[in-house]
Each structure stands twice: as structure tokens, then as C-alpha cells.
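The values are calculated or read from the model by the stated rules, or taken from the named source; none is laboratory data. Small disclaimer: the values here were computed from a predicted structure and weren't measured. Cβ sites come from the backbone with ideal geometry, for glycine too, and all protein chains shown count toward neighbours.
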Amino acid sequence: MTVPETLHARVARLNEALASASPAAVIEKAMEAVPAGRLAVVSSFGTESAVLLKFVADVDPGLPVLFLDTGMLFEETLDYRDRLVDFFGLTDVRSLKPQIELLERRDPHRDLWLRDTESCCHIRKVRPLSDALGGFDGWMNGRKRFQGGARAAIAHAETDGQLLKFNPLAALSQNDIAAVFETAGLPRHPLEKMGFSSVGCMPCTSRTRPGEAPRAGRWRNTGRSECGIHRIGLPAGAGCGC
Ligand code: SF4
């Protein structure tokens, strides 16, 4: 009897094959590794999102793209999402919203972010994405090692024990990202020219100052640097119990 390969063994094998792979090669490998219709892309439609979406659209503009519409985003991000959908001809962008019942119960005045950003992110981001990913076997996202923090050592492939996760842009530098924008003529997020190098929800995003890390303006002065979606499936105390 053949013993099925564990997800962790698959990830190790994938990373061996993808050690110096280009973003396109990582995406192609992800499409080989995950059955058709079971692979999603997660995008924030933030300042660098166009790069991953370009590589995805080059291969298949019909891949499902999951977008967390938290209800707290900048109007500019929603406009940029619509612009990129047209620009790349994306045909399956799904806007995920928080459960209304949860919002009414846990955040009736829309001020939870002031008291408890972890719970706010859980209701608005982690929970909706976790629910949506139940319909998939793998997903891709746009994290890069140069962003630092928990991202500094990410591999091209990972697993939370249930799903495969691919990071096609992991090895790109900031200059590589700029070069893709330039050569492909990609539209820029409208807030970038106003000093926002990374854009998330309005209450938790501030401009970055010269010399700061690209994500320094996110959750400034809170000690947080991630919303928790990259801990989905992991046995961590990531949730708020909702
Ligand atoms: S980024 Fe801020 S507003 Fe958005 S979900 Fe997290 S805590 Fe809430």
C-alpha cells in the first residue's frame, strides 16, 4: 500500500524545486500542485498588489481572487480594485465581507479597532477569509521577504497543515517590484503618491516617513505588524472567540 505524502513533505519537495524560481514558475507550480478550481489568490489591492495580479493574469485571469472588504477601507482602494479588475481582465474577484451579526454584536459603533485591533481584524479579516478558504485546497499571496518582520524568511511554499500556501513574490526585492510596475505599465495605488507605502484599513494606516520600513505605517505604535490572516489554520491564539 502506498502511504500518502504528508502536506509538510509536499511543501519540502515543492521548495526544493522552487528554490530559485521566478514568480511565474511558482504560480505554474501552484496550479500543478492544486486541483483546478481549488486554488485562490488573496489580494488586498494595496500598493504592490498589481504585481502578483499581473503574474496571475498572465497565466489565468479567471483564477478566483479573494479580497477582504472590511468596511473600513479607503475609497481609493475600492476604486483601485475596480481599476485593476478592468486592467487585467480579472473575471472572478470575490469581495469578502464580515458577518453582519458579528459586527452588530461585537462592534456596533465601529470603534473596536480603538480598543482591540486583534478582535477587529479577526472579525473583519481572519474569519471571512478562513470561511472562504474552506472552499479551496491552496492559496497564493503577495508577501515579500524584503518587507521584514515575520515575512523576512518566508519560503515559496508553506502549509498550515490543511492548505498549501504559495508566496510567488517571496524572493523579489523592492527594485524588482518597481521594475515590474515600470516594464508592465501597471497602474499605481492612488494613495502611494500621498506618502502611503502600504495601505490597509483607514483607521490603522498612516503615512510612512523617509527611511522607515514599508509597513511601518500599519498599526503604528501598537506593536502589531500583521492582521492574522497568515496564521489561519495554525494552532495559535489568533482568534477573538467570535
Ligand atoms: S486593520 Fe484596523 S480597522 Fe482593519 S480590521 Fe484590523 S483593526 Fe480593524
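Conditions (1) more than 24 Å from HIS122 (Cα to Cα); (2) charged (D, E, K, R), marked per residue:
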{"position": "ARG13", "(1), (2)": "yes, yes"}
{"position": "ALA19", "(1), (2)": "yes, no"}
{"position": "PRO23", "(1), (2)": "yes, no"}
{"position": "GLY37", "(1), (2)": "yes, no"}
{"position": "VAL41", "(1), (2)": "no, no"}
{"position": "LEU52", "(1), (2)": "yes, no"}
{"position": "PRO61", "(1), (2)": "yes, no"}
{"position": "PHE67", "(1), (2)": "no, no"}
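In the set THR183, THR159, which member is surrounded by 13 or more Cβ atoms within 10 Å (Cβ to Cβ) and among the polar types (S, T, N, Q)? Before you say what the answer is, go through the steps one by one.
Working: THR183 fails: surrounded by 13 or more Cβ atoms within 10 Å (Cβ to Cβ).
Of THR183, THR159, the one residue that is surrounded by 13 or more Cβ atoms within 10 Å (Cβ to Cβ) and among the polar types (S, T, N, Q) is THR159.
Just a yes or no: is a residue in region 183-192 within 16 Å of the ligand (Cβ to nearest atom) and out of contact with any helix residue (DSSP H, G or I) (no Cβ under 7 Å at 6 or more places or on another chain)?
Of all residues in region 183-192, those within 16 Å of the ligand (Cβ to nearest atom) come to 191.
Those still in the list that are out of contact with any helix residue (DSSP H, G or I) (no Cβ under 7 Å at 6 or more places or on another chain) too: none.
No, region 183-192 contains no residue that is within 16 Å of the ligand (Cβ to nearest atom) and out of contact with any helix residue (DSSP H, G or I) (no Cβ under 7 Å at 6 or more places or on another chain).
Tally time: how many residues in region 129-140 are surrounded by 22 or more Cβ atoms within 10 Å (Cβ to Cβ) and either more than 13 Å from HIS230 (Cα to Cα) or among the aromatic types (Phe, Trp, Tyr) (or both)?
Residues meeting the conditions: 1.
Could you go through region 47-59 and let me know if any residue there is more than 19 Å from PRO203 (Cβ to Cβ) and in a loop (DSSP other than H, G, I, E, B). Lay out the reasoning, then the answer.
First, the residues of region 47-59 that are more than 19 Å from PRO203 (Cβ to Cβ): 48-59.
Those still in the list that are in a loop (DSSP other than H, G, I, E, B) too: 48.
Yes: region 47-59 contains one or more residues that are more than 19 Å from PRO203 (Cβ to Cβ) and in a loop (DSSP other than H, G, I, E, B).
Enumerate the pairs (first residue in region 220-233 and closer than 22 Å to GLY142 by Cβ and more than 14 Å from the ligand (Cβ to nearest atom); second residue anywhere and assigned to a helix (DSSP H, G or I) and modelled with pLDDT of 80 or more) with beta-carbon separation below 9 Å, excluding pairs fewer than 6 apart on the same chain, so at least 6 apart or on different chains.
Pairs found: ILE232/VAL126; ILE232/LEU129; ILE232/SER130; ILE232/LEU133; GLY233/SER130; GLY233/LEU133.
I'm checking my understanding of the structure. Among residues of region 45-76 that are touching a strand residue (DSSP E or B) at 6+ places or on another chain (Cβ under 7 Å), within 15 Å of the ligand (Cβ to nearest atom) and of a type outside the set (Val, Ile, Thr), which one is nearest to GLY228 (Cα to Cα)?
Among those that are touching a strand residue (DSSP E or B) at 6+ places or on another chain (Cβ under 7 Å), within 15 Å of the ligand (Cβ to nearest atom) and of a type outside the set (Val, Ile, Thr), it is LEU68.
For region 109-142, name all the residues that are among the aliphatic types (A, V, I, L, M) and either within 14 Å of the ligand (Cβ to nearest atom) or on the phi > 0 side of the Ramachandran plot (or both).
Step one: of region 109-142, the residues among the aliphatic types (A, V, I, L, M) are 112, 114, 123, 126, 129, 132-133, 140.
Those that are among the aliphatic types (A, V, I, L, M) and either within 14 Å of the ligand (Cβ to nearest atom) or on the phi > 0 side of the Ramachandran plot (or both): LEU112, LEU114, ILE123, VAL126, LEU129.
Does ASP160 satisfy the criteria of being free of Cβ contacts under 8 Å to residues at least 40 places away in the same chain and out of contact with any strand residue (DSSP E or B) (no Cβ under 7 Å at 6 or more places or on another chain)?
On the way: free of Cβ contacts under 8 Å to residues at least 40 places away in the same chain: no; out of contact with any strand residue (DSSP E or B) (no Cβ under 7 Å at 6 or more places or on another chain): yes.
No, not satisfied.
Restricting to region 193-213, give me the number of residues that are among the hydrophobic types (A, V, I, L, M, F, W, C), within 16 Å of the ligand (Cβ to nearest atom) and over 17 Å from ARG143 (Cβ atoms). First the steps, then the outcome.
So in region 193-213, the residues among the hydrophobic types (A, V, I, L, M, F, W, C) come out as 194, 196, 199, 201-202, 204, 213.
Then drop every residue that is not within 16 Å of the ligand (Cβ to nearest atom), which leaves 196, 199, 201-202, 204.
Add one more test, that the residue is over 17 Å from ARG143 (Cβ atoms), and what stays is 196, 201-202, 204.
Adding up the residues that qualify gives 4.
Out of (1) within 16 Å of the ligand (Cβ to nearest atom); (2) without any contact (Cβ under 8 Å) to a residue 60 or more places away in the chain; (3) within 19 Å of ALA157 (Cα to Cα), the odd one out for VAL42 is which?
Exception for VAL42: condition (2).
Which members of region 79-108 meet the condition of being surrounded by 14 or more Cβ atoms within 10 Å (Cβ to Cβ), assigned to a helix (DSSP H, G or I), in contact with a Pro (Cβ under 9 Å, 6 or more places away or on another chain) and not aromatic (Phe, Trp, Tyr)?
Across region 79-108, the qualifying residues are ARG83, LEU84.
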